[in-house]
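Reviewing the structure listed below.
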Amino acid sequence: MDKRPLKIGLSARLMHTPPTELGFRNKTLQYIEQSIAHWVMAHGALAFMVPTLETGGEVERSSLSVKNVVRELDALLLQGGADVCPLSYGEEPLRPEWSGDRIRDLYEIELFWEFVFQRKPVLGICRGSQLINVAMGGTLYQDILTQRPEAHPHVDADLYDKYFHRIEILPESHLAQLYPDQAVAHVNSIHHQAVKDLGNDLAIEAVSEQDGIVEAIRWKGDGFVAGFQWHPEFHGSNRNLLDSAPALLDFLFAAEQQRDSR
């Protein structure tokens, strides 16, 4: 009998005030970006968006719990999106536009920990990597160029996902095992926030070659938790960029191993 496909949960992006032309007056939208869903599905897994269990920032439980949701899934992929709110790591926003999405933070942190408690893999992309760091007790630069003025720009509003830079994959890291012949690689860069103080029991696996900004992290504990600051799902077939397949297949393999051990 063929094994069932892996069921990968994708945390939802939240749109609290949709444009009026979309026709959802006074409603909140929850969605996933197509590229990340197709990235997962192209490797034979199923992608499911995980809706929040909260309204207006206050958790309202029904007959379902986060534990129930996580029990039905094999792994979690935290997708990119809005800034992490500085309140989530004990700071006040330096500027109003850096206030982030506290509601989404609370939802994703609870989701993250339930997957960890159930020993199911978690992979964070861009904001998702930052969220993992915060959930593990770390902090962020609210704005790289403000707090690290010597750093090179990590975002270009016009180029968006066509803006690239080089990362250095640290030797002896798990990521180095996945890319044994690529100590240095090109990735996209679409972020103005980044890891500042590293979370508990996390290791740095890659940094920006030019300024040392953290680009990849991994949990040192007994389980799969990893985060990438770049968007591998946007790399596609561009041979000049780091191949996204090894990283995703590593995540899916961990999910399969954990599923089959239950």
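The values are calculated or read from the model by the stated rules, or taken from the named source; none is laboratory data. Predicted model only: the values in this text are computed from it and were never measured. Cβ atoms come from the backbone with ideal geometry, glycine included; neighbour counts cover every protein chain shown. Just so you know, the surface numbers come from the protein's heavy atoms only, side chains and all, with ligands and any DNA or RNA stripped out. Shrake-Rupley method; radii C 1.70, N 1.55, O 1.52, S 1.80 Å.
Over the chain, accessible surface divided per residue gives 49 Å², non-protein components excluded, 1.4 Å probe.
Here the Karplus curve 6.51 cos²θ - 1.76 cosθ + 1.60, taken at θ = phi - 60°, turns the phi angles of the stretch 132-141 into couplings of 4, 4, 5, 4, 8, x, x, 10, 10, 6 Hz, with x standing for Gly and Pro. Near the amide H of Ala216, within less than 5 Å, lie the amide hydrogens of Glu205, Ala206, Gln229, all on another chain or at least 5 residues away, with H placed in the peptide plane. Annotation for Tyr163 and Thr28: the two label points, set 7 Å from Cα along the Cα-Cβ direction, are 2.9 nm apart. With θ taken as phi - 60° and the Karplus curve 6.51 cos²θ - 1.76 cosθ + 1.60 applied, the whole-hertz 3J(HN,Hα) list for the stretch 107-123 is 4, 6, 5, 4, 4, 3, 5, 5, 5, 4, 4, 8, 6, 10, x, 10, 10 Hz, x standing for glycine and proline. Under a cut-off of 29 Å between alpha-carbon atoms, report the lysines in cross-link reach of Lys196, not counting same-chain residues fewer than 8 places apart. Excluding near neighbours in sequence, the set is Lys120, Lys162, Lys220. Residues whose amide H falls under 5 Å from that of Ala194, counting only those 5 or more places apart or on a different chain, are Tyr141, with hydrogens built in the peptide plane.
Within the stretch 176-224, none of the GluC sites (Glu not before Pro) combine a DSSP coil assignment with at most 11 other C-beta atoms in a 10 angstrom radius. Each residue of the stretch 21-30 is assigned a 3J(HN,Hα), and the resulting list reads 5, 7, x, 10, 5, 6, 10, 9, 9, 10 Hz, derived from the Karplus form 6.51 cos²θ - 1.76 cosθ + 1.60 (θ = phi - 60°), x at Gly and Pro. Other residues within the sphere of radius under 12 Å centred on the Cβ of Phe117, judged by their own Cβ, net out at +2 (K and R +1, D and E -1). When both bridge partners sit in the chain, DSSP labels roughly 60% of those beta bridges antiparallel. Working from Cα pairs under 8 Å separated by at least six residues, relative contact order for the stretch 77-198 is 26 percent. The simple Förster model, with R0 at 22 Å and r as the Cβ-Cβ distance, assigns Glu91 and Asn200 a FRET efficiency of 0.80. Peptides 94-102, 120-128 ranked from most to least packed by the mean count of surrounding Cβ atoms within 10 Å: 120-128, 94-102.
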